[in-house]
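Report on the structure given below.
The values are calculated or read from the model by the stated rules, or taken from the named source; none is laboratory data. Every value quoted in this text rests on a predicted model; they were computed, and no experiment measured them. Quick reminder, even Gly has a Cβ in these numbers, built from the backbone with ideal geometry, and neighbours come from all protein chains shown. Each accessible area value is taken on the protein alone, full model and side chains, heavy atoms only, with ligands, DNA and RNA left out. Shrake-Rupley method; radii C 1.70, N 1.55, O 1.52, S 1.80 Å.
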Amino acid sequence: MAAAGDSAKQPLLHRVYPPSIASASSPALPTAPAGPPAGGRRFPGGLDVPNLKKRGGGTRSWIRVEASTASVQTLEIDKATMMRRCELPARDLRLLDPLFVYPSTVLGRERAIVVNLEQIRCVITADEVLLLNSLDSYVLQYAAELQRRLLQRAEGDELPFEFRALELALEAACSFLDAQAAELEIEAYPLLDELTSKISTLNLERVRRLKSRLVALTRRVQKVRDEIEQLMDDDGDMAEMYLTEKKMRMESSVFGDQSLLGYNSAGAAGTSVSAPVSPVSSPTESRKLEKAFSLCRSRHDSVKGSDNTTTEHIQELEMLLEAYFVVIDSSLNKLTSLKEYIDDTEDFINIQLDNVRNQLIQFELLLTTATFVVAIFGVVAGVFGMNFETTVFKIQNAFQWVLIITGVVGAFIFCSFLWFFKYKRLMPL
């Protein structure tokens, strides 16, 4: 019992006293295994949790496409390194995590564009594209097509690299969704026509599955369309995506600061000489200020020119987004038309079912009327079958006359019902 108690306390002792401290203070204390078992971590109390990794320690495979050389390579990068490399917060990288299901999103950040469009999950910078590696064929096709377009770049095509990568991502997503919409159309229309001709449980189940797929696909297409439309309506978001201009502006600002720092250091070195200087041979303070002002003016002119260039590229990006907005809007119109066709088919089926229901009600009323007429004859037969004397029984052929009168009344009631039912349209057909 004591040995069992010591073995039960072993993980707790190991947690309270590390192995080094335990061995120094009390060498007799038992020590737990140095590391966790393979495939999981051991918690105090002997609980093994498989497939549990340390926080932030997981790495993912990324496909890197470089802008300058169009080279494609596979990298193993963890999340923290990716955040430092692209200067992105963790919530933006969470959009690219395949373990989570997020709608299609395009985010413009300071040094990167985060793209999550269907199978294409990538981070676009001014120098490279980091594409989340996957076994999906669209991912490999995207990398191969981007490499081919970079190698076969036409002369006069001044579209920045990030816009070209974004264009290819939009093209891949729009073509994928349009292909799915076309496939759904080809499958849907014959099935709906078959359902209108033959209403069966199998056909109804197939149409139900088709409608659920249609609703899911419509939601995805609508999200991509809304995302493109939101980008087109906001010039600030489109300006954030012009990463090449921001990179050039940052480099020119750094070079300008270095040049200004060089002027200041040169002036300081010139004035530090203790010997008297002739006013003719040395530059005056006004000339130094003129150089500084000219440098600031040139930087201001370069920034102003870059603003004009940014406006031009914003217009180019808007036209690019508009082209794919037309494509995705066409796919959405296809799905909307298919949804309306399904609704019309459902209305037609409901009308047919109402017609069958009305026919059943009509047949039920006919049976009720016939039963009522037959019941009259039963009442007459029951009256004449009573075992008591009445004056009606003494009349000659009274039973026959009563039957004739009853039959005439029943036939009149039945014919009146049919006439009202058929010509007065008491029940809708």
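Among residues of the range 212-237 that are closer than 24 Å to Gln315 by Cα and free of Cβ contacts under 8 Å to residues at least 40 places away in the same chain, those with a beta-carbon under 9 Å from a residue that is part of a helix (DSSP H, G or I) and not hydrophobic (A, V, I, L, M, F, W, C) at least six positions away or on a different chain give the pairs Gln230/Asp237. Just to verify a result, which residue in the range 183-210, among those that are open to solvent by 90 Å² or more (accessible area, probe 1.4 Å) and assigned to a helix (DSSP H, G or I), is farthest from Thr345 (Cα to Cα)? Restricting to residues being open to solvent by 90 Å² or more (accessible area, probe 1.4 Å) and assigned to a helix (DSSP H, G or I), the top hit is Glu183.
Checked against (1) modelled with pLDDT of 75 or more; (2) open to solvent by 50 Å² or more (accessible area, probe 1.4 Å), Tyr324 passes all but a single condition, namely (2).
In the range 302-321, of all residues being small (Gly, Ala, Ser) and in contact with a Lys or Arg (Cβ under 9 Å, 6 or more places away or on another chain), the one that is modelled with the lowest pLDDT corresponds to Ser302.
Per-residue answers, yes or no, for (1) over 23 Å from the mean Cα position of the chain (by Cα); (2) of a type outside the set (Val, Ile, Thr); (3) at pLDDT 90 or above:
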site	(1), (2), (3)
Arg109	no, yes, no
Val115	no, no, yes
Ile124	no, no, yes
Ala144	yes, yes, yes
Leu177	no, yes, yes
Leu191	yes, yes, yes
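Annotation: of all residues in the range 211-233 being open to solvent by 60 Å² or more (accessible area, probe 1.4 Å) and more than 18 Å from Glu118 (Cα to Cα), the one that is modelled with the lowest pLDDT is Asp233. Scanning the range 145-162 for residues that are touching a residue at least 12 places away in the same chain (Cβ under 8 Å) and out of contact with any Asp or Glu (no Cβ under 7 Å at 6 or more places or on another chain) yields Glu145, Leu146, Gln147, Arg149, Leu150, Leu151, Pro160, Phe161, Glu162. Any residue at all in the range 366-387 that is modelled with pLDDT of 65 or more, open to solvent by less than 70 Å² (accessible area, probe 1.4 Å) and under 60 Å from the mean Cα position of the chain (by Cα)? For the range 366-387, residues modelled with pLDDT of 65 or more, open to solvent by less than 70 Å² (accessible area, probe 1.4 Å) and under 60 Å from the mean Cα position of the chain (by Cα): present.
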